[in-house]
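The values are calculated or read from the model by the stated rules, or taken from the named source; none is laboratory data. Being a predicted model, the structure only gives us computed values, none of them experimental. In this analysis, Cβ positions are derived from the backbone assuming ideal geometry, glycine residues included, and neighbour counts consider all displayed protein chains. We work out accessible area using only protein heavy atoms, side chains counted, and drop any ligands, DNA or RNA first. Shrake-Rupley method; radii C 1.70, N 1.55, O 1.52, S 1.80 Å.
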Amino acid sequence: MIDFMVDNIGAHRITEDASVVDLGTGNGHLLFELHETEFQGKLVGIDYSEESVRLATNIAEATGVDEFVGFEQADIFSPDWSPGKFDIVLDKGTLDAISLSGMKINGELDVVEVYAGVVEKVLEKDGVFLITSCNFTQEELVQIIETNNLKMWKTINYPVFQFGGVQGATICSIAFVKRS
Ligand SMILES: C[S@@+](CC[C@H](N)C(=O)[O-])C[C@H]1O[C@@H](n2cnc3c(N)ncnc32)[C@H](O)[C@@H]1O
C-alpha cells in the first residue's frame with residue numbers, strides 16, 4: 001500500500017501533503033510507515049479500541065512524530081463520528097475484521113451494506129480510497145465499495161497461485177476514486 005501511494009503521487013488527490021485517514025488503524029503501523037516516505041501531511045488513525053489508540057499515540061510521542069501522526073478513538077459507524085474530509089482513506093484488514101465479526105449496524109444492517117457510505121462521508125471529491133483485503137475477492141470488494149460516486153481506479157498486483165485449475169491471489173488491494 002505504501003509503494004502504491006508513493007508511486008501514484010500526483011494522481012487525483014495523492015500529494016505529499018495529502019491528508020490521510022486510516023480506518024481501524026490498530027497500532028498505527030501503516031501511518032508510521034507512510035510518514036517515513038514523502039507523505040508529510042496530516043495522518044490520522046481511527047480505532048474504536050481505547051488500547052490501540054493509547055498504544056499508537058504513545059509510539060507517535062516516543063518517536064517524535066506526533067505533530068504529523070495522530071490517533072482518535074471513534075466508532076466509524078457512529079453517526080456522531082464526523083472527522084471532516086480527507087484526501088486519502090486507507091483500510092488494511094478492517095473491513096475484513098468487521099465483516100467476519102458478524103457485527104450488525106444499528107442492530108440490523110450488514111457492514112458490507114453501509115461501508116461505502118462511511119468511506120464517502122470522509123473522502124474529499126477526487127480523493128482516493130485504498131483498501132487491502134485477505135477475505136474478499138476483487139469482484140466482491142468492487143461490489144461492496146462501488147457506488148455511483150466511488151469508482152474503481154487501480155489494483156495492486158500480487159503473486160498469483162493456481163489450485164484446482166483456478167487462479168487467484170491470497171490478498172487483494174484496490175484503489176477507488178470519489179467522483180464528486
Ligand atoms: C484487523 S485489525 C487491522 C488493524 C490495522 N489496520 C492493521 O493493518 O494492522 C481491525 C481494526 O479495526 C478496529 N475496528 C473494528 N471495528 C471498528 C469500528 N467500528 N470503528 C473503528 N475501528 C474499528 C479494531 O479495533 C482493529 O484495530
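Cβ-Cβ under 7 Å, sequence separation 6+ or interchain: first residue in the stretch 88-101 and part of a strand (DSSP E or B), partner within 7 Å of the ligand (Cβ to nearest atom) and modelled with pLDDT of 95 or more. Which pairs?
Listed by first residue and then by second, the contacts come to V89/L23; L90/D22; L90/L23; L90/L30; D91/L23; D91/G24; K92/L30.
Among the residues of the stretch 57-83, count how many are without any contact (Cβ under 8 Å) to a residue 60 or more places away in the chain and within 27 Å of K104 (Cβ to Cβ).
Counting residues in the stretch 57-83 that are without any contact (Cβ under 8 Å) to a residue 60 or more places away in the chain and within 27 Å of K104 (Cβ to Cβ) gives 12.
Can you go through E33, E51 and tell me which one is outside any strand (DSSP E or B) and more than 10 Å from the ligand (Cβ to nearest atom)?
Being outside any strand (DSSP E or B) and more than 10 Å from the ligand (Cβ to nearest atom) holds for just one of E33, E51, which is E33.
Please name all residue pairs, on different chains or six or more residues apart, with Cβ atoms under 6 Å, provided the first residue is in the stretch 1-27 and is within 20 Å of V122 (Cβ to Cβ) and the second residue is small (G, A, S) and buried (at least 23 other Cβ atoms within 10 Å of the Cβ).
Every condition considered, the pairs that remain are R13/G127; D22/G45; T25/G45.
Got at least one residue in the stretch 12-28 being outside any strand (DSSP E or B), in contact with a helix residue (DSSP H, G or I) (Cβ under 6 Å, 6 or more places away or on another chain) and polar (S, T, N, Q)?
Checking the stretch 12-28: at least one residue is outside any strand (DSSP E or B), in contact with a helix residue (DSSP H, G or I) (Cβ under 6 Å, 6 or more places away or on another chain) and polar (S, T, N, Q).
Here is a yes/no grid of residues against (1) within 16 Å of the ligand (Cβ to nearest atom); (2) open to solvent by less than 10 Å² (accessible area, probe 1.4 Å); (3) under 20 Å from I14 (Cβ atoms):
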{"site": "I98", "(1), (2), (3)": "yes, no, no"}
{"site": "S101", "(1), (2), (3)": "yes, no, no"}
{"site": "E124", "(1), (2), (3)": "no, no, yes"}
{"site": "F129", "(1), (2), (3)": "yes, yes, yes"}
{"site": "F136", "(1), (2), (3)": "yes, no, no"}
